[in-house]
1. Mind checking which residues of the range 126-176 are loosely packed, with under 14 Cβ neighbours inside 10 Å and assigned to a helix (DSSP H, G or I)?
2. Name the single residue that is farthest from Gly94 (Cα to Cα) among those in the range 127-147 being at pLDDT 90 or above and under 16 Å from the mean Cα position of the chain (by Cα).
3. Has the range 164-181 got any residue that is touching a helix residue (DSSP H, G or I) at 6+ places or on another chain (Cβ under 8 Å), touching a residue at least 60 places away in the same chain (Cβ under 8 Å) and not hydrophobic (A, V, I, L, M, F, W, C)?
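The values are calculated or read from the model by the stated rules, or taken from the named source; none is laboratory data. Fair warning: this is a prediction, and the values are worked out from it, not measured in the lab. Here the Cβ is made from the backbone with ideal geometry for all residues, glycine too, and neighbour counts use every protein chain on show.
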Amino acid sequence: MNWLKRNYLSVFTVAAVIVIAVVIFLFRGQIDKLDKFGYLGAFLVSLIGSLTIVLPVPGILILIALSTVFNPFLIALAGSTGGTIGELSGYVLGYSGRHMFGSNKQYIRTEAWMKKWGVWAIAFFAFIPILPTDIAGIASGALRFPVWKFFIACWTGKTLKYILLIIASMWGWQFIQQFIPVI
């Protein structure tokens, strides 16, 4: 019972993040309906998709679809801003539960990168699509990295990633259309 009294905030934060992740994962089919809201939809899709810890919600696919109708650069900006705000859930989790992740290999490696590279590690995790930005957020919070530095680095990485993915998908679609006969 003493352990629970000392760690109630950490336990509550972990439980809240898990509940949010599970609810978003269960209702992920409803998220694609947000595309009707244009730039706000891009913001919300990315926000909700990034609130989940580790459970993937493929928001980038909706952003790519939105970029065919709206300004692709503004869609990337709206998506990266929403996604970065959503990544703060990992930061808060790491900040309040820093002692809970010490034995995870991926976390230990990420923490070492964070200590060595700082904002560059955060931007790298946010930029590379296959790396979980959540782990960088957890490590940033656990290391008490300034939240504003985390936000700027994560936003920069996500913005560049979204711009490049949207442009690449647009070029890819234009290339594929050359081989599709017009009916």
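1. Trp148, Lys149, Leu164, Ala168, Trp171, Gly172, Trp173, Gln174, Phe175, Ile176
2. Only one residue tops the list, namely Phe127.
3. From the range 164-181, those touching a helix residue (DSSP H, G or I) at 6+ places or on another chain (Cβ under 8 Å) are 165-167, 169-170; that's our starting set.
With touching a residue at least 60 places away in the same chain (Cβ under 8 Å) added as a condition, the list becomes 165-167, 169-170.
Within this subset, residues satisfying the condition of being not hydrophobic (A, V, I, L, M, F, W, C) are 169.
Taking every residue of the range 164-181 in turn, at least one turns out to be touching a helix residue (DSSP H, G or I) at 6+ places or on another chain (Cβ under 8 Å), touching a residue at least 60 places away in the same chain (Cβ under 8 Å) and not hydrophobic (A, V, I, L, M, F, W, C).
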